[in-house]
Amino acid sequence: MAEAEAASQQVARLVFKEILDGDRKKFLAKSNADAKAGGGARDLRFGSVDQVKDTLKQLFPETEQTKNKAGNAQFKGLFNWIDQSGRHQQETALLKPPYLKRSEFRIAQVHKYACFQVRPIPKASAGNRVLLLLIQRYDGSVWPHFVEEASLRTPDAWDESVSKPLLECLDAKRAKKVAAMGFIDLSNYKRFCNGKQCI
């Protein structure tokens with residue numbers, strides 16, 4: 001029983017996204033009204049739709065109909081975290097589908113999620129970028145976590161099956177101001193990175 005419980009707590013897959021300064025302001029409810037940057041709606045956006053859709057839908061497994069202009073369904077899941085009193089908390093999390101000219105999945109109004117307010121969000125700096133990890137365990141639960149590049153580069157701080165592909169993606173070539181993004185699925189050894197020269 002104990003072994004089965006321990007196995008269920010292990011990481012099955014994770015979706016990651018680099019948190020640029022504009023994204024950090026969204027979490028802090030300090031973003032401006034630049035809709036082009038997602039600031040007005042405070043959306044956290046995930047591009048490369050065809051590559052990440054199946055993995056994102058595993059993190060947000062329920063489907064519910066919406067009344068948006070495209071008539072698309074949105075996807076629902078649960079975010080889990082441990083609060084400052086050490087108690088396990090959950091809240092409903094929604095993933096908005098691509099629609100009309102926006103070819104991105106979106107977690108809207110990220111500043112309203114309690115799980116992102118528990119601890120200060122790290123501020124990125126030169127040589128120490130920040131990633132949001134949406135970590136799904138084998139029991140299906142999803143645990144958001146912010147991680148700094150310095151932590152990923154610290155020997156033995158992370159399992160190499162996670163830290164190595166994350167660092168490779170951070171270091172991959174991509175257009176200026178495009179955030180690193182992708183997924184790692186440890187259950188089937190699949191992974192994706194939106195940068196070039198990423199193995």
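The values are calculated or read from the model by the stated rules, or taken from the named source; none is laboratory data. The structure presented is a predicted model; accordingly, all values stated were derived computationally and were not measured. For neighbour counting, all protein chains shown are included, and Cβ atoms are generated from backbone atoms with ideal geometry for every residue, glycine included.
Points worth noting:
- Number of residues in segment 152-175 that are in contact with a strand residue (DSSP E or B) (Cβ under 7 Å, 6 or more places away or on another chain), of a type in the set (Val, Ile, Thr) and surrounded by fewer than 18 Cβ atoms within 10 Å (Cβ to Cβ): the value is 0.
- Residue within segment 25-35 that is modelled with pLDDT of 90 or more and charged (D, E, K, R) present: yes
- Residue check for residue 92: free of Cβ contacts under 8 Å to residues at least 24 places away in the same chain and either closer than 25 Å to residue 41 by Cβ or surrounded by 18 or more Cβ atoms within 10 Å (Cβ to Cβ) (or both): yes
- Residues that are at pLDDT 90 or above, basic (Lys, Arg) and assigned to a loop (DSSP other than H, G, I, E, B) were ranked within segment 108-129; the one that is farthest from the chain's Cα centre (by Cα) is 123.
- Pick from segment 61-75, criterion in a loop (DSSP other than H, G, I, E, B) and modelled with pLDDT of 65 or more, ranking: surrounded by the fewest Cβ atoms within 10 Å (Cβ to Cβ): 67
- One residue stands out among those in segment 135-151 that are among the β-branched types (Val, Ile, Thr) and in contact (Cβ under 8 Å) with a residue 60 or more places away in the chain: the one that is surrounded by the fewest Cβ atoms within 10 Å (Cβ to Cβ), which is 135.
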